[in-house]
């Protein structure tokens, strides 16, 4: 079986999540590789979430927010953009290709764009191959302990 | 702490089939079976319709019987049914936040074809929801009272209906309309389909109801500028644009008649003209006139004395010369002089320049003064006690004296020379006949300005007799600051000009060189030529500072111009032989017997010493540049003696500035405030010049060169007919020309030119947007010839044409006035066309059939409707279609590809797709059934109110079926065509629905605040303040005492940006905590 990449998508409630719903109501067909997590604003996407997703086995992470000037919270998407650039640079230093993290502005009316972006990203990741970060990070022989709510993930300090 | 960690959760999971919507793609039983194995899950079931009553009952039963304390539903989008299921929990006494939804329909079964993969995805989504829900916490939902007032934006039929419904329900409504009257597009329509009710007859009673309703505050000619706050508590700033007419207006229309400005009537789609003071249509609500004034036009703004050129041109064009002159005299006591000698910066800035050439403004002023011939200056309205001395009677002194005298001051002008006029009296008669100047000065004396000729003065003596002094003694003394100036044959320009006036001109020999940069140098050169000399004018400037006409005239008369030249020294041995010059690095010599210097004058040392005032290093009088005050209290100085070389009109501006300062000084007013607009400035009016037809400027004739021997005036007036044609070239940049004739006839005294825009702040609980649409611009389809062919009309134009109150009183006629024999109506113009708008505009088929019926009824002409599909859904619509067919209207399926004009007839060429044959039909008139489009500024309005647009640009409703009048921003509702093309019944119905939505919100009395707010754990906060700068709502404050950041929950909107940025993990967002999202991530990616 060919490699099927896993994508975690953080979509803002007001624009991109709604656009994904619109893609559904319009019965657009796209790759089943993305799993969407709803956040209120792309500005809520903590770089830690992205790192956690890669660590847990994601091959790519997609962040979707409102177009510049359209943010429901005025400027959360700009904050997301700032963090995205820093994070992408950092990921590159860690050996994670830039293409694995993508930020897209998708308005509530752009169901078509949800389909296009997810399809494109899936294709791109297929070419890149699996990231396998979760396997590499795992010390040989030890079993991975699942993150629990009671302990704060250690990546927070590194921010 | 989340209970998830303690492991006490009992979770129920429900997988919805959604009929077949989910179940046909996803193996729901497999998902349910998988889910039941997950930790914490007590029960997992699938059911046909979870949102149905039995579905909800299923959950309730399990809660009661199985002791569930968490619920997950995997079904459609949480945006649709999260509320439904939360309510189920509430009803069972569980906090509604112990619920999570997995979106396996919109984001899974509907978008993936492969059932196996869709099922796998569903499992992951459900697992993530189950994991997340165990970390959920109960949240506090705060409630705040709702402001019961409502803002309705847009006063078309939808806005009117919404406002009336709310007002009838006892709510206070602010109805904001951009145009001067409410009514919108419906007011423009003639009949309405399919009942053929007269549109105005059914609309205007509603409009009057709005105007009269005690609960509606109508804000017309107004726009919402900003809005802040949240559902239940919005604050809107509304700009009430200055109408310049107060509410005292009775709508009597007396003001229309004297107004000289006609502009295309927006209401009549440009088929008729309206005045600059207008109401869009007679039944306007409110029935108040509006003056459309866009600002100060370029001609007036660039004029140093802000002469209202636009105004006097407009009046002159209407033959109102007396009124035009009155307007000129408002700012200018020397109109006949300036009509001859002004260097006219107004023409340099004239907007017409962008089309062809500027208007001949100076010549039009000449037309006014020549035509009126004799006049008196306006005197003071009331006399005042204070007296002012003006020293010097040049343009600065006279302008100052005039302004002060009009304010009532007693003014005495002291002139050292025997003849008043200063530099004006030195202008040769071929440019300014002596009697013209004498008359102007006599008029000034007639209004009580005393001019003492041959009078030398001293400041301290003047101050004993007068309360203030204005010194404008000019700078006539040319500096001879060039080597060789001591040679014989070097003459000061001033002496030469004075000798001309005396009639005993100085000898200049056969060749003369004139050094100078302005109109004075030109005058000298022209005078020298008339004395038989060969003249060369040397100027440092690329072009002398003078009117273009004078530069042309001087060249016609044979003066050689050497511009952009630096004079180095005067050559000669005892007597002038030539001038050595430099230009662009090369040196050359101009030969001449005489050299006249007319540049860089200073005030006469003797006169200045007399006055006892301070001088600058350059030899000018020292005065404050803004107020012209000298260091002696009560003494002001202006004109060339302060500034150096000025043109006549610039000197007058300086005089007016002095008058303003003296007035302020004598009344103890602020000397510095509000003086920014005293000098020339750039107009802010943007003028659209594309499409303006070119028409050449009418230059005034000049005396033939052969006849210019003596001192006869060279510039001749324009003939009246040519002058009026010239006046018609004015682009009317500013709308209203500020001539104030309307003011003279307004009995209720309702006209107020000083009215400024006003900002009003209103507080409301809900907003209804009813901003409507615009029609498609058929110019975008050039092959239909709209705008090129006279008889190709848009739908709205035809509405006005066929309306009995319209430009033709309802007669359907061609441009030439004849009655059309054959008319074509083209459907779907700009609609259902991938190149323009892919959507159907919904109303065009019906209005096209209505037009067909009206044409038949009014003219009996043959009618052809060209259509793609006939869309006549709606009550009575199909019946109307049938009726029109029986009236003999011909229907052709297949739109024409193009329209061409041959021998004055329009030919429609295309294919009849039912007959499969080409047609070429000759008609007299074509009506384009243009579609509907979002307003040009819909995008800005959308951003202002923080709502979304659909792909086509129409405002986006919350749900296309279940919430068509709500938006994603709570408290903001949509009504009418701003949400998409709609006919009148639909708009009215939607307006009612929007009003009901607002009422439901208001009558609930309370609104729940955002629950997903941020909190900051003070024990973890390091006080770095990163979050404070990030918060767009100013919801985070710094507690100086505890050195920690604190969230104000009432202001927090719950975006979570601060949480993502908090480096110490002190900030958390309710319902979107790190551990909740982390759990979701982990569960989504878990394998197996």
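The values are calculated or read from the model by the stated rules, or taken from the named source; none is laboratory data. Since the model is a prediction, treat every value here as computed from it, not as a measurement. A quick note on method: Cβ atoms are made from the backbone with ideal geometry, for glycine too, and the neighbour counts reach across all protein chains shown.
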- Identify, by number, the condition in (1) out of contact with any helix residue (DSSP H, G or I) (no Cβ under 9 Å at 6 or more places or on another chain); (2) within 23 Å of residue B:117 (Cβ to Cβ) that residue B:62 doesn't meet. (2)
- If residue B:762 passes every condition in (1) in contact with a helix residue (DSSP H, G or I) (Cβ under 6 Å, 6 or more places away or on another chain); (2) in contact (Cβ under 8 Å) with a residue 12 or more places away in the chain but one, which one does it miss? (1)
- Query: Can you spot a residue in the range B:576-586 that is within 20 Å of residue B:645 (Cβ to Cβ) and at pLDDT below 90?
  - Reply: no
- Task: Kindly indicate whether any position in the range B:425-433 is at pLDDT below 95, farther than 22 Å from residue B:636 by Cβ and part of a helix (DSSP H, G or I).
- Result: yes
- Among (1) free of Cβ contacts under 8 Å to residues at least 12 places away in the same chain; (2) under 21 Å from residue A:34 (Cβ atoms); (3) assigned to a helix (DSSP H, G or I), where does residue B:111 come up short? (3)
- Message: Just the residues that are modelled with pLDDT of 95 or more and in contact with a helix residue (DSSP H, G or I) (Cβ under 8 Å, 6 or more places away or on another chain), please, taken from the range B:750-759.
- Response: B:751
- Here the residues within the range B:700-714 that are under 40 Å from the mean Cα position of the chain (by Cα) and either surrounded by fewer than 16 Cβ atoms within 10 Å (Cβ to Cβ) or modelled with pLDDT of 90 or more (or both) are B:701
- Residues of the range B:439-462 that turn out to be part of a helix (DSSP H, G or I), out of contact with any strand residue (DSSP E or B) (no Cβ under 8 Å at 6 or more places or on another chain) and at pLDDT 95 or above, as a count: 5
- Note on the structure: The correct count of residues that are assigned to a strand (DSSP E or B) and surrounded by fewer than 17 Cβ atoms within 10 Å (Cβ to Cβ) in the range B:188-216 is 2
- Unmet requirement for residue B:588, which otherwise passes all of (1) in a strand (DSSP E or B); (2) in contact (Cβ under 8 Å) with a residue 12 or more places away in the chain: (2)
- Message: Just to verify a result, which residue in the range A:2-20, among those that are under 15 Å from residue B:111 (Cα atoms) and touching a residue at least 60 places away in the same chain (Cβ under 8 Å), is farthest from the other protein chains (Cβ to nearest Cβ)?
- Response: A:19
- Could you say whether any residue in the range B:315-326 is modelled with pLDDT of 95 or more, more than 25 Å from residue B:399 (Cα to Cα) and buried (at least 19 other Cβ atoms within 10 Å of the Cβ)? no
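Residue-by-condition table, conditions (1) within 14 Å of chain A (Cβ to nearest Cβ); (2) more than 52 Å from the chain's Cα centre (by Cα):
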| residue | (1), (2) |
| --- | --- |
| B:77 | yes, no |
| B:98 | no, yes |
| B:101 | yes, no |
| B:106 | yes, no |
| B:123 | yes, yes |
| B:133 | yes, yes |
- Task: Please verify whether the range B:985-1005 includes one or more residues that are crowded, with 22+ Cβ neighbours inside 10 Å and within 14 Å of another protein chain (Cβ to nearest Cβ).
- Result: no
- Message: Consider the range B:72-97. How many of its residues are in contact with a helix residue (DSSP H, G or I) (Cβ under 8 Å, 6 or more places away or on another chain), part of a loop (DSSP other than H, G, I, E, B) and closer than 21 Å to residue B:10 by Cβ?
- Response: 5
- Return yes when residue B:60 is under 19 Å from residue B:1078 (Cα atoms), out of contact with any strand residue (DSSP E or B) (no Cβ under 9 Å at 6 or more places or on another chain), more than 10 Å from chain A (Cβ to nearest Cβ) and not in a loop (DSSP other than H, G, I, E, B) and no when it is not. no
- Message: Please count how many residues of the range B:1039-1065 are touching a helix residue (DSSP H, G or I) at 6+ places or on another chain (Cβ under 6 Å) and away from chain A (no Cβ under 11 Å).
- Response: 1
- Task: Could you list all residues from the range B:223-255 that are free of Cβ contacts under 8 Å to residues at least 60 places away in the same chain and on the phi < 0 side of the Ramachandran plot?
- Result: B:223, B:228
- Evaluate the range B:494-506: report whether one residue or more is in a helix (DSSP H, G or I), out of contact with any helix residue (DSSP H, G or I) (no Cβ under 7 Å at 6 or more places or on another chain), surrounded by 24 or more Cβ atoms within 10 Å (Cβ to Cβ) and not assigned by TED's automatic domain parsing to the domain that holds residue B:650. no
- Query: Is one or more of the residues making up the range B:396-403 crowded, with 24+ Cβ neighbours inside 10 Å and farther than 17 Å from residue B:447 by Cβ?
  - Reply: yes
- Query: Looking at the range A:21-35, which of its residues are within 21 Å of residue A:84 (Cα to Cα) and more than 7 Å from chain B (Cβ to nearest Cβ)?
  - Reply: A:34
- Taking the range B:1066-1088 as the search range and keeping residues that are more than 9 Å from chain A (Cβ to nearest Cβ) and under 47 Å from the mean Cα position of the chain (by Cα), which one is surrounded by the most Cβ atoms within 10 Å (Cβ to Cβ)? B:1067
